[in-house]
Structures are given as C-alpha cells and as structure tokens.
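Have a look at the structure below before the remarks.
Just so it is clear, none of the values below were taken in a lab; they were calculated from the coordinates. Since this is a predicted model, take the numbers as computed values, not measurements. For neighbour counting, all protein chains shown are included, and Cβ atoms are generated from backbone atoms with ideal geometry for every residue, glycine included.
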C-alpha cells in the first residue's frame, strides 16, 4: 500500500489552496492524512466521509447546547473532528481521482449545515450558562441564518443549475472543484476585505473564536467571553451580506464561472 509520504504528495501537495491557514496546514492536514490512509484500505467513499462529518457537526451542536461544561467540551471536540473530516473527504477523492460536482455540492452544503449547528448550539450554551436569557437563543439563531451565506449560496446554486442543464454536464467530473475554488478566490481584489474575511469569517476562525470563548468561560471564569463572540458576529451580518452581494454582482462571478467550466469541457467526448 502507498506510504504516508506518497499519499501526502498526491492528496495534499497536489492541491494548492491560496486561502489555507497555518492551522489547516500544520495541524489539520497533519492529522487528516493518517485518517485518509486508513480509510483508503476500506470501501468508504469521499461522500460517505462528508456525511460522517456532517453528523459529527450536528451531534456537536446538540452537545454544546446542553450548557453542561464537560458535555459542551465534547461537543466542541465533535466540531474539530468535523473540521478534520472535511479535509479527509477531499484527500480521498483526489487519491481515487473521483472528484465530482455532486461531491463538491455535498461538501459545501455540509459545511453550511455544520456552521448552523455550531451557532445554534453556541446560542443555547450562552442561554444555559447566563441565566436563561432568551436573547442569547435569538442571537445564536440569527447568526446561524446569517452564516448560511445566502448570497454566496444563491450564486453557487445558480451556477450548478446552469451547469446541470448544459449539454456538457456529462463531461464535468474531475478537476472542476479546483476551478471553482481557485476562481472563487478571485471574486475580489480588495486585499483589505479579503484579509478581514480570513481573520474572522472563515469557518475555521469562527470555530476557534467560539472554542476560545468557551474555554475562557469554563477554565478562567471569564463568563462574558462567549457573549462578546456572539454579539460581534451577529452585528457583522449587517456588513457581510451586503458586501457579499456587491462583490458577486460587481464581478459577474456566476457568469464567469459558468463560461470557464463549460468552455473547458467543449469537445470532450
């Protein structure tokens, strides 16, 4: 069987992601490659791994929402495992060379639903440990809705609908995930905006912020920490959604992506 070093060169080094963070590269991928290696000895598919990751996320949200300290910590662990599995599914698909548009859609949808579970669970946690104030439940729910990324999701959904209706759909299989990811990063050239999004609004950064706030609450009795995180991200929705709408409509992202993928497949039998 292939060695870990060889597997890493195929499933990781061949996949260049300009948005990859230090944590993803030096923690997430260092762990995920061993899980990937083990699963490659089985018949488990990349899509099945995505489903396992989604179930971990939903279960984590339920545990986090109990407000019981030790159970909440286990819930956070489930979310961090979800983060690892979100890397594993792509590594399996790249090794087996069976990446598909359907797989990409499942991966993105799973990420949205997991983030929703995280915010709902976090809101319930704040509700439980802060005197049962219903405002924290509402804040968690509002964050869960705002982080469904309605504008970005609508653009991607439109793109998928256009591709599926295309006569070239049967030719769109591998490598198109890379096209979507690479081109998606070119939606804007405003480095200040991109930097702010990378610092605060990537799913990984949100998970870290929530994790840190809960650890501060449980270990150091800084009970205000979770509330600050909840309020900060809720207020940011007033800026994020209009900004996303402006970026996508300004650069005609959906049209550009459609033409790039469809033109790529023309003439392929």
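Stretching residue 212 away from residue 27 to a fully extended chain increases their span by 64.9 nm, per 0.36 nm per residue minus the current alpha-carbon distance. Residue separation of residue 43 and residue 98 scaled by 0.36 nm, minus their Cα-Cα distance, works out to 18.5 nm of gained length. A protection proxy built from the mean count of other Cβ atoms within 10 Å ranks the segments 113-126, 212-225, 29-42, most packed first, as 113-126, 29-42, 212-225. Taking other Cβ atoms within 10 Å as a rough exposure proxy, 3, 128 sort from fewest to most as 3, 128.
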